[in-house]
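Since every read-out is calculated from the coordinates, none of them should be taken as a lab result. Just so it is clear, the model here is predicted, and its values are computed rather than measured. So basically every Cβ, Gly included, is an ideal-geometry build from the backbone, and we count neighbours across all protein chains shown.
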Amino acid sequence: MARDYRAITGQNRGVYIPRAVVYFIGFVLLCIIGVKILKEPTWLVQRLDSPDGNKTAVLKRVQYLQHYYKVQAREGKLWHTVFTTGAITNTYQVDLRERIMWSDDSARLYFTLQGKMVAGYDFDVGRTLPPQELANDAVVYRERIAR
């Protein structure tokens, strides 16, 4: 009968965990912490459904390195960023009247800031609106923008 010296020397102290598993768990935890650090803090300003009920848009205020607005839309199940504004300065504790609004036929989404139409997106074509089309639509919807 062979003798078992592990009990005498104290080598039988617990469960063996391979070093690769410990490294993998540490790597996953570092990745999670990195994503939390890099994700910009956002605040929901407005959520708006389209008049036909098939699309939803949200306006978010983002402040990470700079302060800006992000508009995201959902067609079906997936969300995508429609447009973002450039850096906005001197916005602390001031109402900039930032709003999103849909066109009457639910084909276009507009972003207004301080009573002016800043950006727009056409869902039928899948592109942002150029300044000329945006100015034409601002004339049509000027009563809704003034609110």
### Summary
Listed by chain and number, the aspartates and glutamates with an alpha carbon less than 17 angstrom from that of LYS116, same-chain partners under 8 positions apart left out, are ASP95, GLU98, GLU133, ASP137, GLU143
### Message
Starting from 0.36 nm per residue, how many nanometres of slack lie between ASN136 and ILE32 once their C-alpha separation is accounted for?
### Response
32.8 nm
### Three-way shape label, region 42-147, alpha-carbon gyration tensor, a/c 1.5
oblate
### Message
Straight-line reach only, C-alpha to C-alpha below 20 angstrom: list the lysines that LYS77 could link to, leaving out same-chain residues fewer than 8 apart.
### Response
LYS55, LYS60
### Query
Say we join alpha carbon atoms closer than 10 Å with springs in a Gaussian network model of the chain; which of LEU48, LEU129, LEU38 then has the biggest fluctuation?
LEU38
### Query
Once the piece of chain linking VAL22 and SER106 is laid out straight, how much longer is it, given 0.36 nm per residue of separation minus the C-alpha distance between them?
25.0 nm
### FRET efficiency for ASP124 and THR81, using Cβ-Cβ distance with R0 set to 22 Å, rounded to 0.05
0.75
### Query
Any idea what angle helix 19-38 forms with the longest principal axis of the chain, computed on alpha-carbon atoms, 0 to 90 degrees, nearest 10?
20 degrees
### Task
Name the long-range amide H neighbours of GLN46: under 5 Å, sequence gap of 5 or more, or other chain; modelled H, no Pro or chain starts.
LEU59
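Taking the Cα centre of the chain as origin, sum charge times position over the Cβ atoms of Lys and Arg (+1) and Asp and Glu (-1), and report the length of that vector in debye to the nearest 20.
Details: 21 positive and 14 negative charges, 194 e Å.
Around 940 debye, computed over the chain.
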## Note on the structure
For the chain, the longest principal axis of the Cα atoms and the Cα long axis of helix 131-140 enclose an angle in degrees, to the nearest 10, of 60 degrees
